[in-house]
Amino acid sequence: MSLPAQVQIAHDELRRHLAKFDWAGQTARRREILQAFLKLATTEGYSSVTMRRLAKAIGVKASSIYFHFPAGRDEIVIESMRWHYYEWGTAFLGAVERCDSAQEIWDAMVRVHLTRQLSLPESDLWDILVAMDRIGGFLPSEIRSEIDHWLQLFPRMYEAAAHEMGYRNCDTAVHVVVAVLDSASSWCKRPCDHDLESQVKRATAITHALLASQADRVAQRAPIARRARR
C-alpha cells in the first residue's frame, strides 16, 4: 500500500533511523531492567540509580545486571531511552502503514500517540527524564544527540500528513499538537478500556482544531463543470 508522497518520505526517513538498531538480544529481563531504570530515575533521581539500587528494584544481584549490560550504567541509560522511542516509533509506523488517505494517517498517529501516552507509564517517565536533562544536562552526550534528532524526526510525520491535507506553514501547529498529546495524562481522565475510545475521539478533534486555527489552508480548486453535449 503506497502512502501519500510527503508522508512516504517522512515514513522512510523514520524507518531508516529505527533500522539502525539491532534488538535481536533484547530479552524479557533486559526490558525489565530498562523499564525499572526509567521509573527509578524519575522517581528517585537520576544520580541515585546505582547498579545495586537497580538490582534491588527487580530482585536480582548486581552481578546479574552486569551480565545483561556489561558496560554498566551508561549502557543501561542509553538503551532504556533508545528502546522506549524505538517501540514508540515502530507502533507509530505500523499504524500509518495501514492507512490510505492523509486524514486517516493523521488520525491514526493521534490514536497511537494518545493511547501510548495514557496506557504506558514509561511514556511520561521518558518525557520527564528528557525535560530534566534539558535543565541538568546529565544524560550521556551520545543519547542526548540521538534524542534531539528523534524529537525533530517524528514530528515530520505529522507535518507531512498536514501538508497532504492541504495545510502550509504548519510547523508551529504540529509542535503544539505534539505538546498537547505528550501531556495527555494531565488533561485526560485516567482511561479504562471503555473510556479510551472517547479520549481518542476528543484528542483527534482537538488536534484538527489546532491545525485548522494555527496553519494556513490551501484553497481547494472547485471542479470544472463539464459542458453538456448537445
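Only the coordinates and a few stated rules stand behind these numbers; no lab work does. Bear in mind the structure is a predicted one, so any value in this text is a computation, not a measurement. No Cβ is skipped: glycine too gets one built from the backbone with ideal geometry, and neighbour counts run over all protein chains shown.
Tabulated results
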| quantity | calculated |
| --- | --- |
| Gain upon complete extension [TYR46, SER141; 0.36 nm per residue less C-alpha separation] | 32.7 nm |
| At most 11 other Cβ within 10 Å, DSSP loop - trypsin sites (Lys or Arg not before Pro), region 98-180 | ARG98 |
| Virtual paramagnetic centre 7 Å along Cα→Cβ of THR27, amide N under 11 Å, in region 39-65 | 64-65 |
| Hits among aspartates and glutamates - C-alpha to C-alpha of LYS20 under 18 Å, sequence gap 8 or more where chains match | ASP12, GLU75, GLU79, GLU87, GLU142, GLU146, ASP148 |
| Cα pair count fraction exceeding 15 Å, expressed as % - region 1-82 | 61 |
| Kirkwood Rh in Å, taken over region 73-130 so that all alpha-carbon pairs contribute | 12.4 |
| Trypsin sites (Lys or Arg not before Pro) lying in DSSP loop within region 8-79, provided at most 16 other Cβ fall within 10 Å | LYS20, LYS61 |
| Average Cα contact separation per residue, the chain, under 8 Å, 6 or more apart, as relative contact order % | 24 |
| Coarse-grained scattering of region 47-164 at q = 0.17, 0.21 Å⁻¹, given as base-10 log I(q)/I(0) from a Debye sum over alpha-carbon atoms | -0.94, -1.21 |
| Sites SER213 and ASP100 - FRET efficiency at Förster radius 25 Å, r taken between beta-carbons, to 0.05 | 0.45 |
| Region 28-82: GluC sites (Glu not before Pro) falling in loop per DSSP and having at most 13 other Cβ within 10 Å | GLU44 |
| The chain - Rg (one decimal) and Dmax (whole number), Cα, Å | 20.8, 89 |
| Rh by Kirkwood over Cα pairs, then Stokes-Einstein D for region 50-89 at 1.306 mPa s and 10 °C, µm²/s | 149 |
| Cβ-Cβ FRET estimate between SER186 and ALA5, R0 fixed at 35 Å, reported to 0.05 | 0.45 |
| Cross-link partners of LYS189 among lysines (Cα-Cα below 17 Å; sequence separation of 8 or more within a chain) | LYS201 |
